Amino acid sequence: MKAVYILTNGPGELWDWARPLVYELDKRGIRSVLWLLPCQFASGMERTCAHRLSFYRIIGPYNWAKTFYESIRARDVGLVVQLGGDLMFGRFLSRMSGAELFCYTYGRKRGLRGCSRVFTAYEVMADHIREDGVSPLVIGDLVADSLRLDLDVGASPKMGLPAQKYTSRKVALFPGSRPAIRRRALSYLRELYGHLRSLLDIDVITLLSPFSLDEEVKAWEEAGLNPTRESTPFALRGVDLALTQPGTNTLELLYLRVPTLVAVPYAFLSDIPFSGLKGVMLRLPLVKDRLLQSLSKKKGMLSWPNRITGKNLIPELVGDYTPKELAEAMIEYLNDIDWLKKTSELMGQLTSSYGASKRLAEEIIQCLG
């Protein structure tokens with residue numbers, strides 16, 4: 001029996017994209033095989049976490065050479081669906097097996113012309129993809145469906161409206177899905193929270209990746225930052241303001257209607273990873289920091305909600321922020337009750353992107369015949 005091969009790489013793509021899709025395929029009796037690709041962003045826990053999902057089989061992660069070798073040997077490939085990672089892997093497996101290749105992506109990606117079908121979440125994302133002569137199908141956001149799984153299928157999240165009592169506030173910190181950035185963030189956020197408490201009666205919760213290790217959770221506990229690996233919708237109950245970095249977390253916060261600040265302090269620039277020749281060049285002393293600081297001054301919108309709407313819905317704080325300066329900025333927003341309410345209400349007007357996993361599963365079934 002032929003299977004759907006789902007190729008993915010990092011923790012976000014596995015949990016937020018592949019998880020809702022395999023749920024829908026399993027409901028329809030479609031056998032799916034997960035293939036974990038080589039990835040510099042991986043946590044090392046992807047395979048362990050994947051065993052909690054209903055994949056028929058899990059392959060990898062291997063190095064590049066073994067990934068290509070195993071692609072030649074694969075015999076039960078009915079369709080290849082790539083959710084993140086370099087498309088050379090999906091294109092190679094498709095060529096070797098004779099199966100069609102589907103890809104879900106948030107933007108332009110090298111190799112999309114070699115896909116049978118391309119899917120994306122929003123029309124603004126599709127516009128960028130069309131610049132390469134590719135015609136994607138807008139099906140909604142798999143991240144939204146992932147949140148629905150956490151809330152139980154069909155539930156409507158009623159989150160993010162600020163509390164009615166303002167004698168005490170609650171903030172949520174998102175230190176990121178990549179271990180290297182989280183390690184750098186620990187001391188920075190510990191100092192930031194100390195400044196917050198000196199300025200306001202405030203509680204904190206830190207949302208660690210479900211792929212983080214027990215030892216890491218303990219380190220954040222000892223720092224007094226109240227870590228949790230609980231699913232995002234439940235961890236964010238009662239939160240007035242979230243602090244995060246650019247990425248899919250901004251979409252989760254959008255759908256849950258939690259007022260958010262996106263921060264990129266220059267202190268973290270050296271931990272942003274790049275692949276290929278660009279990654280080699282940027283490992284040279286001082287090159288990476290100087291280049292990224294230059295680019296950040298010319299930046300466009302970084303967070304997905306801002307890019308989707310074309311408006312500064314979520315404030316983006318990019319610069320040489322110290323923990324104290326960032327804490328002071330957070331206090332300004334926390335004290336602006338009208339801004340908190342208005343932002344949450346505006347977020348609630350942009351939550352119509354559910355159903356991507358169902359639509360993608362239907363496209364898969366049609367392809368399999």
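Residues in the stretch 311-316 carry Karplus couplings, in order, of 10, 7, 5, 10, x, 10 Hz; the curve used is 6.51 cos²θ - 1.76 cosθ + 1.60 with θ = phi - 60°, and Gly or Pro positions show x. Can you tell me which of Ile337, Ile139, Ile205 moves the most in a GNM of the chain? Springs connect C-alpha atoms under 10 Å apart. Among Ile337, Ile139, Ile205, the largest GNM mean-square fluctuation belongs to Ile337.
Would you calculate, for the chain, the mean residue ellipticity at 222 nm contributed by helices, counting each DSSP H stretch of 4 or more residues as -39,500 (n - 2.57) and dividing by all residues, to the nearest 500? Walk me through the numbers before you get to the answer.
Numbers: 16 runs with 154 residues, N = 369.
Helix-only estimate at 222 nm: -12000 deg cm²/dmol.
Checking the cross-link pairs Lys2/Lys27; Lys2/Lys109; Lys170/Lys324; Lys218/Lys324; Lys2/Lys66 against a 20 Å limit on the alpha carbon distance flags Lys2/Lys109; Lys218/Lys324; Lys2/Lys66 as lying beyond it. Measuring only protein heavy atoms, the 1.4 Å probe finds Thr322 accessible over about 60 Å².
Ranked highest first by average number of other Cβ atoms within 10 Å, how do 175-183, 10-18, 103-111, 51-59 line up?
Numbers: 175-183: 20.6, 10-18: 25.0, 103-111: 18.9, 51-59: 14.3.
Final packing ranking: 10-18, 175-183, 103-111, 51-59.
The Cβ shell under 11 Å around Thr322 holds other residues with a net charge of -3, Lys and Arg each +1, Asp and Glu each -1. When only alpha carbons are used to place a centre, the stretch 26-53 and the stretch 109-137 end up 24 Å from one another.
Taking every C-alpha pair closer than 8 Å and separated by at least 6 residues, the mean separation divided by the residue count of the chain gives a relative contact order of 17 percent. Could you give the angle, 0 to 90 degrees to the nearest 10, between helix 179-199's Cα long axis and the longest principal axis of the Cα atoms of the chain? For 179-199 against the chain, the angle is about 20 degrees. Near the amide H of Gln245, within less than 5 Å, lie the amide hydrogens of Ala263, all on another chain or at least 5 residues away, with H placed in the peptide plane. Gain on full extension, evaluated as 0.36 nm per residue between Leu213 and Asp76 minus their Cα-Cα distance, stands at 45.9 nm. Ordering of 246-252, 87-93 by packing is 246-252, 87-93, highest average first (other Cβ atoms within 10 Å, averaged per residue). One chain, two ends: Arg229 and Ala329. Fully extended at 0.36 nm per residue, the span grows by 33.3 nm beyond their Cα-Cα distance.
When the chain is treated as a Gaussian network with alpha carbon springs shorter than 10 Å, the biggest mean-square fluctuation among Asp214, Asp86, Asp150 belongs to Asp214. Each semi-axis of the equivalent ellipsoid for the chain is √(5λ) with λ an eigenvalue of the Cα gyration tensor; in descending order they amount to 35, 23, 20 Å.
The accessible-area ordering, largest first, of the residues Leu83, Leu137 stands as Leu137, Leu83, per a 1.4 angstrom probe. Taking the Cα atoms only, what angle lies between the long axis of helix 356-368 and the longest principal axis of the chain, rounded to 10 degrees? In the chain, helix 356-368 runs at an angle near 10 degrees to the longest axis.
Structure remark: mean-square fluctuation, Gaussian network model of the chain, C-alpha springs under 10 Å; the largest value among Gly60, Gly84, Gly140 belongs to Gly60. Close amide H pairs (under 5 Å, H built 1.01 Å from N) link Lys170 with Asp203, Asp240, Leu241, residues at least 5 positions away or on another chain. The HN-Hα couplings worked out from phi for the stretch 105-110 by the Karplus form 6.51 cos²θ - 1.76 cosθ + 1.60 (θ = phi - 60°) are 8, 8, x, 4, 8, 5 Hz, whole numbers, x standing for Gly and Pro.
Rounded to the nearest 10 degrees, the angle from helix 337-348 to the longest Cα principal axis of the chain is 10 degrees.
Amide H contacts for Trp35 (H built 1.01 Å from N in the peptide plane; partners 5 or more residues away or on another chain; cut-off under 5 Å): Ile6, Leu7, Thr8, Ile59.
The values are calculated or read from the model by the stated rules, or taken from the named source; none is laboratory data. No experiment lies behind these values; they were computed from the predicted model shown. Don't worry about glycine lacking a Cβ; one is built from the backbone with ideal geometry, like all the others, and counts go over all protein chains shown. Keep in mind that these areas ignore ligands, DNA and RNA; they rest on the heavy atoms of the full protein, side chains included. Shrake-Rupley method; radii C 1.70, N 1.55, O 1.52, S 1.80 Å.
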